[in-house]
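Let me begin by presenting the structure, written as structure tokens, before commenting on it.
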């Protein structure tokens, strides 16, 4: 079976919505997604891309359609724990380095769930170091250890390497998925991702 990857950044609401749907796909297919933290700002810089908020600014009807499409996705999947973060866009450098550090500490899955929770379910200003540190403590993470690790050069280098490798493989934004070497972009491609997983398992 080909490896299935989810290249994510906490700053993308669409990546969060994909995160909520992934467990159902895992149950149906029996295949576990590998979460790969990347820095969306770094992806944008490397690919000369910009956020949808920038690209839709001033374009009549496009932003409204994007909101409609998001609401359709939320309704389709019965998502109730979503609230748009009023602080958007959020600089996620601290959070994403924290994700790399969380891998080292063996708390990766819980860290992802909790950081997504406070970005897009119970929104906080998650680019304020004081808010992030307080949130880590509230979640019973070792905030002092995480604070130290995100300054460690190896952690910084790992996030940078993840981001560079993702771009080299074709990534230009988040959420991005890989089934083996096949790339899929956007939460609406999850159906295609699942179909590819099933095809790969049957091959």
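Quick note: the coordinates plus some simple rules give every number you see, no bench work behind them. Owing to the predicted nature of the structure, the values given are computational and were not obtained by experimental measurement. Here Cβ is always computed from backbone atoms with ideal geometry, including for glycine, and neighbour counts include all displayed protein chains.
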Checklist entry - Are there any pairs with C-beta distances below 7 angstrom linking a residue in the stretch 18-45 that is free of Cβ contacts under 8 Å to residues at least 24 places away in the same chain to a residue that is surrounded by fewer than 18 Cβ atoms within 10 Å (Cβ to Cβ), with the two at least 6 apart or on different chains, and if so which? => result 26/32
Next on the checklist: I want to confirm something. Restricting to the stretch 106-116 and keeping residues that are touching a helix residue (DSSP H, G or I) at 6+ places or on another chain (Cβ under 7 Å) and either farther than 12 Å from residue 9 by Cβ or free of Cβ contacts under 8 Å to residues at least 40 places away in the same chain (or both), which single residue is surrounded by the fewest Cβ atoms within 10 Å (Cβ to Cβ)?
Outcome noted: 108
Next on the checklist: Being touching a strand residue (DSSP E or B) at 6+ places or on another chain (Cβ under 7 Å) and assigned to a helix (DSSP H, G or I) is true for just one of 96, 70, 115. Which residue is that?
Outcome noted: 96
Checklist outcome for this item: Filtering the stretch 142-168 down to residues that are over 20 Å from the mean Cα position of the chain (by Cα) and without any contact (Cβ under 8 Å) to a residue 40 or more places away in the chain yields 142, 143, 144, 147, 148, 151, 153, 154
Item to check | residue 79 being part of a loop (DSSP other than H, G, I, E, B), touching a helix residue (DSSP H, G or I) at 6+ places or on another chain (Cβ under 6 Å), within 17 Å of residue 186 (Cβ to Cβ) and touching a residue at least 60 places away in the same chain (Cβ under 8 Å) | outcome: yes
